[in-house]
Amino acid sequence: MNFEFTEEQLMIRDAARDFAQRELLPGVIERDEKAIYPTEQVKKLGELGFLGMLVGLDYDGGGMDTISYVLAMEEISKIDSSVSVIMSVNNSLVCWGVEKFGNEEQKQKYLKPMARGEKIGAFLLSEPEAGSDATSQRTTAVDMGDHYLLNGTKNWITSGKSASTYIVIAQTKPELKHRGINALIVEADSEGISVGPHENKMGMRASDTHSVMFNNVKVPKENLLGEEGFGFKFAMKSLEGGRIGIASQALGIASGAYELALKYAQERKAFGKEIINHQAIAFKLADMATEIEAARFFCLKAAWLKDQGKPYGHASAMAKLYAAETAMKVTTEAVQIHGGYGYVKEYHVERLMRDAKLTQIYEGTSEIQKIVISRGLVD
Amino acid sequence: MKILVCISNVPDTTTKVKFKEGDSLFDDSGVQWIINPWDELALTRALELKEDAGNSVNEICVIHVGGAGADATLRKALAIGADKAVRIDACPADAYHVAGQIAEFLKENPFDIVFSGIESSDYNGSSVGAMIAEFMDYPGISSVTAVNLDDDDIQLSRAIPGGKQVLKTETPFVAVVQKGIANEPRIPSMRGIMMARKKPLEVKAAAEMDVLTKSVKFELPAEKGACKMIESESAEQLVDLLKNEAKVL
Amino acid sequence: MSVIAFAKNWNGKFKNSTYELVSYTKELANKLNTNLIVLSIGEVSNDELNTLGKFGADKVVSVNNPQLNILTSRAYAKVIAQLAEKEAASVVVMSDNNSGKAIAPRVSVKLKAGMVAAVQELPVSLDPFVVKKRVFSGKAFGHVQIDSEKKVVTIAKNCFGLIENQVEVNIEEFAPEVDASLFKIQVIEEEEQKDKVILSDADVVVSAGRGMRSPENWAPVEELAEVLGAATACSRPVSDEGWRGHEEHVGQTGKVIAPNLYIAAGISGAIQHVAGISRSKCIVAINTDPEAPIFSVADYGIVGDVMEVLPKLTKAFRNSKS
């Protein structure tokens, strides 16, 4: 066992922290309130290599380990989860899948620009009738010999409008059920694709969440990821890694809110002393700090397993479940510690509380994580 | 053309300072270390000069006098773009000692331009750069707010009270730089961090050098009295207080 | 034995900080039971040199060499060191300003004299020689012992004040060797702000931060500064945004100032800003946020919108003058 980070991991954490303080903190309240997509911020994030930090150097990525990724996700999420969700989806859902299962041509053509952050990727799995239940895909990719013909609607797509590259999960052979599902790389400007209106969300309001409609979209055969019928497995594998990203995001939301609450409790006075000197507040902070530390260990453990090439699906489900629940609880307490100030936007904690809610829902709800965890118990 | 940038390793500017051993030593437990902000600006300008094709700057080296604890800071300098780092393995006892060590290095390894920040945010000595210039008998320009190399023709601006002077000089020289010299310091990119792994960080033995001063004690400033709050409608009251109570008008 | 104060001139004139330096060094010489020698370099009239007598300078050494009209730290250091050798000076004292920062370290190396910059007061003790200075950008004070036989110190502005001690000035000319090879710096252009109060010299400073909301809103700041004869300053975000020039940035990485009165309008008071202003004698803060950290370092505070409060203050100051 070794609980020390390397010099490099700490440098990445500090770089992410500096970036968040310098580039994300100014304007985060306005971007949230008016649901303004963080175009400039995402561009700079890409230039620094955060959007492709997990991709290997050969494909223009940062070649960093997953531990570093957890640290960076935490720092960025402390300030702006609308940005960190774009980073998480691009890194751990889209780039990871193409790097792991794509062929050389696909990597050259699609992975490299995404790893450089020049193009953004989106992962299209959820459907109006199929959120967590990925086996019942209504979107179809009919094999037309030299291409697939794509029809259907995908919902709740992060970066739905800003992405240039989609990974679309669709049913090709309904008779084979989930073994007939394919994963396709689809260029977002293909003919027949239309993007629905911006979802007016409760939290993470600055990220662009849209539905995407496919109407007779031709997808070249060479854009199939992996073998024919590999799509469902591909999606499940991608989500295993994606959960580390979202768990780290939830961790960051929690620790961001905790840091603000701790600072506030040391400054704000009530009944003649700083409120941190009242046990009611001190104990809240003690609980928050302890749970955040536990969530951090979950995230780092899952990341470590992934870096070691060991199975990490079970650990990442635990990390996501625990970190998301912690984020919700800690942010709620942070608002409570701030009292009336916590309920106004200027103090940031109400935004973190709204953002936290989404971590319990997307990339597998907390309930789905429990299914994954419980199934893993009896294997 | 080669630029040497002197780097000091200092506690993060938001650090709450504490002392230990009877207030004789700075308590560095839990301290986050950073590149001294002025040195970081100097490094940023050096990197900008290297990237500019209009001059012949082709190597940026950073140098630090201190223990292995500063290696992370030097590695960061490499990650944001310095080509190599040198650490003189000595306890940085005072400005004379530090400047002397760097001068000894310079005698063996000549550079065209030496950059140093105008002060360090820990002991606020503000003397290392000019001392190096004197040890080396180089021209030294202090309070530098701009360095431009056009076809290696050197122009610097320095702050003077209420204005600035534009100067011309020749290499080798020492520029002691302050705010304004460069834009924002850089954040290391993932690629930069990766490349820093392969860049040289050379550790050199210290030279014999005298130490002329020593820090003997620290104290924290007296607590400030409470702020007297005045209603926003009562501007006259404030004027009266400034005149008759604070006596500063 | 002697103590030397280097009195820098600006276009042939001295400033209050020069007289403060002379007052300090006179007091130090008295404590050390030795003589004060004030050194002036460059063309300064005898009338101006005589003004030093008001603060106890009975011996002024003038190096009236036009070559030295432009500050060249290398040549100045050589002149100061030569005089220090000639007069067997035990301590050389300078002001902690741009020129002191450039010259003092060079004198230190030439004389192999331990140096301490920006000391706050007369030495805490003379034997051993211990001086007190701000460290960690004002978060603490350090006591530094100088062990070498010769010593160099620079003194922080406004740390000592002026002590009048009228004496007859005895001016001596001194012609040290200054080799032409020492002048490798040429001034090709000079800009001076003539009509504005210089920030580093100002007794009163009106400073504004992001609370002004936009660079177009600076008129109330400038009006208040005008009524007070004050210099204008700003916080780091304001200079980073380019709303005001870098030369106005006050704080840890900008200018560190020590005026009598500092008025902070719409500045929250980040720790880095406070590092630049904590030596002010009196701080007034105006901010909409009653929890802003600036109020914990201020002497007087007003909670309110700067755009409304500043014009009221300007009016009140104007009325109090007339």
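The values are calculated or read from the model by the stated rules, or taken from the named source; none is laboratory data. Keep in mind that what you see is a predicted model, and the values were worked out from it rather than measured. Cβ placement follows ideal geometry from the backbone for every residue including glycine, while neighbour counts extend to all protein chains displayed.
Right, B:Gly163: more than 22 Å from the chain's Cα centre (by Cα), under 27 Å from C:Leu71 (Cα atoms) and not basic (Lys, Arg) or not? Answer is yes for this residue. For region C:284-304, name all the residues that are surrounded by fewer than 21 Cβ atoms within 10 Å (Cβ to Cβ), more than 8 Å from chain B (Cβ to nearest Cβ) and either modelled with pLDDT of 95 or more or out of contact with any Asp or Glu (no Cβ under 7 Å at 6 or more places or on another chain) (or both). Residues satisfying the conditions are C:Asp289, C:Pro290, C:Pro293.
Applying the set (1) in a strand (DSSP E or B); (2) in contact with a Cys (Cβ under 9 Å, 6 or more places away or on another chain) to C:Glu121 leaves exactly one unmet item: (1).
Every condition in (1) closer than 30 Å to B:Asp52 by Cβ; (2) in a helix (DSSP H, G or I); (3) more than 23 Å from the chain's Cα centre (by Cα) is met by B:Asp240 except one, and the failing one is (1).
Every test in (1) modelled with pLDDT of 90 or more; (2) more than 14 Å from chain B (Cβ to nearest Cβ) is passed by C:Glu177 save one, and that test is (1).
Would you confirm whether any residue within region B:158-177 is within 7 Å of another protein chain (Cβ to nearest Cβ), farther than 26 Å from A:Asp18 by Cα and touching a Pro at 6+ places or on another chain (Cβ under 7 Å)? Yes, some residue in region B:158-177 is within 7 Å of another protein chain (Cβ to nearest Cβ), farther than 26 Å from A:Asp18 by Cα and touching a Pro at 6+ places or on another chain (Cβ under 7 Å). Of the residues making up region B:51-77, those that are over 16 Å from the mean Cα position of the chain (by Cα) and either within 14 Å of chain C (Cβ to nearest Cβ) or buried (at least 20 other Cβ atoms within 10 Å of the Cβ) (or both) number 2. Each residue in region B:133-157 was checked for being within 19 Å of C:Asn98 (Cβ to Cβ) and within 9 Å of chain C (Cβ to nearest Cβ), and 12 of them qualify.
Criterion applied to C:Ser148, C:Ser137, C:Ser90 was being within 27 Å of B:Phe19 (Cβ to Cβ), out of contact with any Gly (no Cβ under 7 Å at 6 or more places or on another chain) and either within 8 Å of chain B (Cβ to nearest Cβ) or part of a strand (DSSP E or B) (or both), and the one residue passing it is C:Ser137. The set of residues in region C:57-77 that are surrounded by fewer than 20 Cβ atoms within 10 Å (Cβ to Cβ) and assigned to a helix (DSSP H, G or I) comprises C:Pro66, C:Gln67, C:Leu68, C:Asn69. Of the residues making up region A:341-354, not a single one is within 20 Å of A:Ile86 (Cα to Cα), buried (at least 21 other Cβ atoms within 10 Å of the Cβ) and among the small types (Gly, Ala, Ser). Of the residues contained in region A:29-45, one or more are found to be of a type in the set (Phe, Trp, Tyr), surrounded by fewer than 20 Cβ atoms within 10 Å (Cβ to Cβ) and more than 12 Å from chain B (Cβ to nearest Cβ). Annotation note: Cβ proximity below 6 Å between a residue of region A:176-188 that is polar (S, T, N, Q) and a residue that is not in a strand (DSSP E or B) (sequence gap 6+ or interchain) occurs for A:Asn182/A:Thr172; A:Asn182/A:Gly231. For region C:40-48, the condition of being hydroxyl-bearing (Ser, Thr, Tyr), in contact (Cβ under 8 Å) with a residue 60 or more places away in the chain and crowded, with 19+ Cβ neighbours inside 10 Å holds for none of the residues. One residue stands out in region C:215-249 among those that are more than 26 Å from B:Pro37 (Cα to Cα) and β-branched (Val, Ile, Thr): the one that is farthest from the other protein chains (Cβ to nearest Cβ), namely C:Val221. Out of all the residues in region C:93-110, which are at the interface with another protein chain (Cβ under 10 Å from one of its Cβ atoms) and among the hydrophobic types (A, V, I, L, M, F, W, C)? Selection gives C:Ala102, C:Ile103, C:Ala104, C:Val107, C:Val109. Residue count for region C:1-39, restricted to those that are surrounded by fewer than 20 Cβ atoms within 10 Å (Cβ to Cβ), in a helix (DSSP H, G or I) and at pLDDT 95 or above: 3.
Which ones in region C:116-127 are over 12 Å from C:Asp96 (Cα atoms), within 11 Å of chain B (Cβ to nearest Cβ) and either of a type outside the set (Gly, Ala, Ser) or within 21 Å of the chain's Cα centre (by Cα) (or both)? Scanning region C:116-127 gives a single hit, C:Val124.
Evaluation of C:Lys321 against the conditions (1) exposed (fewer than 15 other Cβ atoms within 10 Å of the Cβ); (2) at the interface with another protein chain (Cβ under 8 Å from one of its Cβ atoms) shows that the sole unmet condition is (2). No other residue among A:Leu57, A:Leu71, A:Leu25 is among the aliphatic types (A, V, I, L, M), over 26 Å from A:Gln171 (Cα atoms) and free of Cβ contacts under 8 Å to residues at least 24 places away in the same chain apart from A:Leu57.
Residues checked against (1) surrounded by 13 or more Cβ atoms within 10 Å (Cβ to Cβ); (2) farther than 30 Å from C:Val309 by Cβ; (3) acidic (Asp, Glu):
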position	(1), (2), (3)
C:Arg134	yes, yes, no
C:Lys157	yes, no, no
C:Ile163	yes, yes, no
C:Gln166	no, yes, no
C:Asn170	no, yes, no
C:Ile188	no, yes, no
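Scanning region B:207-248 for residues that are surrounded by 14 or more Cβ atoms within 10 Å (Cβ to Cβ), more than 7 Å from chain C (Cβ to nearest Cβ) and either touching a helix residue (DSSP H, G or I) at 6+ places or on another chain (Cβ under 6 Å) or at pLDDT below 90 (or both) gives B:Ala207, B:Met209, B:Val211. Only a single criterion out of (1) over 30 Å from B:Ala146 (Cβ atoms); (2) in contact with a Cys (Cβ under 8 Å, 6 or more places away or on another chain) is not satisfied by B:Lys84, namely (1). Of the strands (runs of 3 or more DSSP E) contained entirely in region C:174-259, those carrying at least 3 residues that are touching a Gly at 6+ places or on another chain (Cβ under 8 Å) fall at C:186-192. Output the residues belonging to region A:196-254 that are of a type in the set (D, E, K, R), in contact with a Gly (Cβ under 7 Å, 6 or more places away or on another chain) and assigned to a helix (DSSP H, G or I). Across region A:196-254, the qualifying residues are A:Glu240, A:Arg243. Is it the case that some residue within region C:250-260 is in contact with a helix residue (DSSP H, G or I) (Cβ under 8 Å, 6 or more places away or on another chain), within 8 Å of another protein chain (Cβ to nearest Cβ), within 18 Å of B:Ser234 (Cβ to Cβ) and not hydroxyl-bearing (Ser, Thr, Tyr)? Checked against the condition, which is being in contact with a helix residue (DSSP H, G or I) (Cβ under 8 Å, 6 or more places away or on another chain), within 8 Å of another protein chain (Cβ to nearest Cβ), within 18 Å of B:Ser234 (Cβ to Cβ) and not hydroxyl-bearing (Ser, Thr, Tyr), region C:250-260 yields no hits at all. In this structure, is B:Met195 out of contact with any Cys (no Cβ under 6 Å at 6 or more places or on another chain), farther than 26 Å from C:Gln252 by Cβ and crowded, with 17+ Cβ neighbours inside 10 Å? Answer is no for this residue.
Can you name the number of the only condition in (1) at pLDDT 95 or above; (2) over 19 Å from B:Ala196 (Cβ atoms) that B:Gly66 fails? Among (1) at pLDDT 95 or above; (2) over 19 Å from B:Ala196 (Cβ atoms), B:Gly66 violates only (2).
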